[in-house]
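Each reported figure results from applying straightforward, stated rules to the coordinates on display, with no laboratory input. Remember, it's a predicted structure, so these values are computed and weren't measured experimentally. Cβ placement follows ideal geometry from the backbone for every residue including glycine, while neighbour counts extend to all protein chains displayed.
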Amino acid sequence: IDTGATGSNGLIEKEINLKLARELFRLNTKEKYLNIYLSRYIDTLISLQDRTKLAKALNADYFISLHCNHSSSPIANGIEIFVPRSGPPGNLKESIFIANEIQRSLTTQFGIKSRGIKFEDFLVLKESIKFAPSILVELCFISNKEEANFISNQVNLEAIALSVYSSIKKLRQ
């Protein structure tokens, strides 16, 4: 029902987010190194509150919310990762660490511009930080034609998923 943003090339945010999440899940299925759970495995609507309730019920080690960015400016570009403004000090510190690691990996490997780590109290962050380190990744601007084309390419999407997966795995070692 909620498609999220629509890109300059007709790309629909919810479809990219689901493909990316499913690729992360698939990568882990091979190794079974992490216990990865998705808030949705098919195209269905899960409320923001239910996403955090699910993560809490699963006793999640991390809460990672995947998104594509959008702007009225077609030249806006880059990746930004959000962490909550406040929360338990240990969870907040680890959230910042995870955000930096994922952003460093993506910007280094793909030349995506870093827009920085930002602090916001989005509902999913505000609720999930209470029990786990939490980040919200805004990966590329689908309103930017170049970035939309990049992220809509399946090979690139798989490489991005591998980069994110490797960053999480590195943190767990």
What are the lysines whose alpha-carbon lies under 26 Å from the alpha-carbon of LYS93, with same-chain residues fewer than 8 places away excluded?
LYS53, LYS56, LYS113, LYS118, LYS126, LYS130, LYS169, LYS170
Hey, what number do you get for the chain at 222 nm if only DSSP H runs of n ≥ 4 count, each worth -39500 (n - 2.57), divided across all residues, to the nearest 500?
-15500 deg cm²/dmol
LYS93 and GLU158 label points (each 7 Å along its Cα→Cβ direction) are spaced in nm at 3.9
ARG172-ASP121 FRET efficiency (beta carbon distance; Förster radius 30 Å; 0.05 resolution)
0.65
Which one, [x] 64; [y] 55; [z] 58, gives percent of Cα pairs over 19 Å apart as derived from the coordinates shown?
[y]
If packing is taken as the average number of other Cβ atoms within 10 Å across a peptide's residues, how do 16-24, 116-124 rank, most packed first?
16-24, 116-124
Could you list which residues have their amide H under 5 Å from that of ARG85, counting only those 5 or more apart in sequence or on another chain, with H placed in the peptide plane?
GLU120, ASP121
